[in-house]
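Here the structure is laid out as structure tokens; the discussion comes afterwards.
The values are calculated or read from the model by the stated rules, or taken from the named source; none is laboratory data. Just so you know, these numbers come straight off a predicted model, no measurement behind them. Note: ideal-geometry Cβ built from the backbone for every residue, glycine included; neighbour counts use all protein chains shown.
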């Protein structure tokens, strides 16, 4: 599946614009990570875009990703489905044991930090966010409390420092800033 088809499929299940923007953001970070790690950029981006396809149809977090797996069965590879299941490993029991799975966990968590960092700038634009200020915001427990720092730190398990990961994530989101209105 390519990016356009993934977005089309997402729009069939996800109605809230902010949820779609989150999924596009995670996809962009995944693409940036794949580029850095020498992985399949399109596959990783599609995984990020699709990761929350079931979010609005799930009644409980216990079902999140499991419903996505059934929606995506036969449409994407088993590797993509396993990564999506692993991003909610607390409820699916799927191990976070590959680079793609680890990247998705970290990318999902960092997107909220990046959006919050953009929204506190005067222009509310990603172009104003600098790596140094983002690193400071990451270290501040009071900033964007919902951005799980431990999940972001999973980037270290794929060989990236938090600082390098934040830079990749920021650059990746800046590439799609217009698309997500940031």
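Below are the figures for this structure:
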{"read-out": "Pairs where the first residue, in segment 1-24, is touching a residue at least 40 places away in the same chain (Cβ under 8 Å) and the second is buried (at least 19 other Cβ atoms within 10 Å of the Cβ) and assigned to a loop (DSSP other than H, G, I, E, B), C-beta under 6 Å, 6+ apart", "value": "10/53; 13/53; 21/180; 24/180"}
{"read-out": "Conditions (1) over 16 Å from residue 173 (Cα atoms); (2) free of Cβ contacts under 8 Å to residues at least 60 places away in the same chain; (3) over 17 Å from the mean Cα position of the chain (by Cα); number of the one not met by residue 128", "value": "(1)"}
{"read-out": "Members of segment 57-88 found to be modelled with pLDDT of 95 or more and surrounded by fewer than 16 Cβ atoms within 10 Å (Cβ to Cβ), listed by number", "value": "70, 73, 74, 75, 77, 78, 79"}
{"read-out": "Residue match in segment 88-98 (condition: within 16 Å of the chain's Cα centre (by Cα) and part of a helix (DSSP H, G or I))", "value": "yes"}
